[in-house]
Amino acid sequence: MALTARQVETAKPKDKDYKLSDERGLFLLVKPNGSRYWRMKYRVAGKEKSYPSASTRTSVWPKPDSNVTMPAK
């Protein structure tokens, strides 16, 4: 399910980090201090990693690398 603007805007900090994710590997990491970070999940040689995309205050998105494969749905 896709993330909605309302879910992103109303994400409140909790005791530990948590993720709000969509179905294509993009997720919002919410920190206990209230910071929110966009990250992209990907795999390289079978190992899952995450790419720090942009904070919620910026709208600059990185271009996908041609060697990166999206996680399966």
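Every number here is computed from the coordinates shown, using simple stated rules; none is lab data. Fair warning: this is a prediction, and the values are worked out from it, not measured in the lab. Methodologically, a virtual Cβ is constructed for each residue, glycine included, from the backbone with ideal geometry; neighbour enumeration extends over all protein chains shown.
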Study note, to complete from the structure: Surrounding charge for Lys14, neighbours by C-beta under 13 angstrom, Lys/Arg +1, Asp/Glu -1, total +3
**Study point:** Computed lengthening from Glu9 to Tyr37, 0.36 nm per intervening residue step minus Cα-Cα distance
**Key:** 8.8 nm
Point to revise | Positive minus negative residues near Pro32 (Lys, Arg vs Asp, Glu; Cβ under 15 Å) | key: +4
